[in-house]
1. What are the extents of the Cα atoms of the stretch B:142-262 along their three principal axes, listed from largest to smallest and rounded to whole Å?
2. Taking N as the number of residues in chain C, what is its Cα Rg relative to 2.2 N^0.38 Å?
3. With contacts defined as alpha carbon pairs under 8 Å and 6 or more residues apart, what's the relative contact order of chain A in percent?
4. Compute the distance in nm between two label points, each set 7 Å from the Cα along the Cα-to-Cβ direction, one at residue A:16 and one at residue B:308.
5. Mark the label point 7 Å from the Cα of residue B:105 along Cα→Cβ and return the residues of the stretch B:248-267 whose backbone N is within less than 18 Å of it.
6. Over the whole of B:138-146, what's the average partner chain Cβ count within 10 Å per residue? Rounded to a whole number, please.
7. Find the relative contact order for the stretch A:1-76 and round it to a whole percent, using C-alpha pairs within less than 8 Å whose residues are 6+ positions apart.
8. Which angle between 0 and 90 degrees, to the nearest 10, do you get for helix B:110-138 versus the longest principal axis of chain B when only C-alpha atoms count?
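Any read-out appearing in this document is the output of simple, stated calculations on the displayed coordinates, not a laboratory observation. Since this is a predicted model, take the numbers as computed values, not measurements. Neighbour counts are summed over all protein chains in view; Cβ atoms, including those assigned to glycine, are modelled from backbone coordinates with ideal geometry.
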């Protein structure tokens, strides 16, 4: 299996939904519309010739300052053909949302919840989209580029008196 | 067609119970519980002693590693990867280094490649030893733990010899290794290799035919191959179901295609098969380390970092003689290198399964986004599927057999 | 064992109440079986065959905080975990001690970000800080010995001493 065969199969079925195709260091990535993203995942999984039955990775990226701002990246692997394809789908503010892959691949469940938690991207069709890593009452999505890192000033010998005077030390 | 696979959330179990709509009991296990291997919290729905449903609640060790990496240069972010899967820091180093090297498109010297394979296989051994020790400890076999840690200390001594640190070595850098292997490295590894196979036999003597061990593991926590792939289960857990998928064979990296080793597989996908697969994997790792040691001896001394001065700093002695070297050194440590715009995904076979690293570069010296496909995190999803209808005591064995590392689950 | 040798054939030992109580507390100090992250593996290493923490009467890890005297905070404490750590501490009976093992527990270590509490001393009062990422088992044993000495110096009126910091010899600024 090589990149061109997969691409031809995708083009034949979903030619209109493909927005961009790129090959970087031999890896194929296909950018699709939200509807095409779901259809492409279904096609790649169910076509017996392709057999991309394993969703290896799913994550989100915040390209602040670009349109669309967010991108969800899914890596599908064919264990039979030992080949990997990357599907990308964009979504924009104010309500970034993409279709969920969980009905197709149960393994997407946690990865989509993580992306929702850290980046605030909603996955429509996900059975239980809640925060997973951060506490339920957390405000904000830390992996967004406009979220601060939240670091504190480090105490050295020259400034430790000032820092320790403010630090909320615990009591018994 | 069997019933669809679901991955419940804690809220889905707790809310109906609080509303009084269920006849079952909800029990909270963790985050501080001796058998959850860290700070995993499980919400159990019980009918007597039988598990009706179980939902892992993770995030108690969320460290913000991915966010922190975005604020460091590529070289400095290496130290953060160590602390994800703290039982296999070198695998994490390797995965991250390979991803960045793919972005940069640099060649790694032969000696560094061999050293990488050798040390990651030693790391797999040490990680599996911790798994074996704690797994047996959870099923009340204390002595295996003491034996396993005896050998683990020897491996850690090798790491200390190589890098100066026992656990958090940060030894694989982008472009090669941090520094050359010490002179007495090969004899030390050979000493270890001489005893290890007999020590693995020793563990097998203690457990493989032990009736108590068989009682607790055979036929418990069964998962079939199709559900395992659907749930994204990887590593020894997947291979125990009979799927011979190992990234080292399927999409080789660091020259794994040139080593001769086998992929052990199981048949039933129960806890006992996972145990057998991991033990067999340890023997294969010993075999790979043996081959790598021989190659290292044949190859003799040589460079351990890429000659590309834009990626790796020049040797120290050159800096005193060459102006360009000084400039390169200064530029690398003040500004860092700038990979081309693009994204790269690399996956390796870590002791826990497929560890993936997705790096996005915007052309600046700091990564725009780094994401890790953490095998423990994804393997944990299958817990509910395997535990349904079993006893609470089986759950303890089940968690240990999945071998999650919470630092990697939560990152 | 030791006391018979010291007492010889006298049969009577004179000492202060403070010494007896503190001696009893140091030699059967039960740590809470509580690991968070990487340091917990080194803590396990300290208890395993090579380093053998039971030489110092510390092998009996209690899984329940109600039976433990010493909490070894081994690893980074996240904002989600901090309330849990505090509740565990509150459940331990008096007298109780805390060792902050590793840089993350002592000061946040390399993780200076939104998710990690910058030092567990914001959550529970710490008696001994052990530096290292992670500290070697020897360093942890040194920290425990330091805590034992500190307990021996405790006064019966319950006044506590200031925390002790154990650093790597190379890191100490003279």
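1. 48, 37, 27
2. Compared with the compact-globule rule of thumb, chain C sits at 1.09.
3. On the way: 279 pairs, mean separation 27.1, N = 172.
Result for chain A is 16 percent.
4. The modelled label-to-label distance comes out at 4.3 nm.
5. Flagged as within label range: none.
6. 1
7. Values: 78 pairs, mean separation 14.0, N = 76.
It rounds to 18 percent for the stretch A:1-76.
8. In chain B, helix B:110-138 runs at an angle near 20 degrees to the longest axis.
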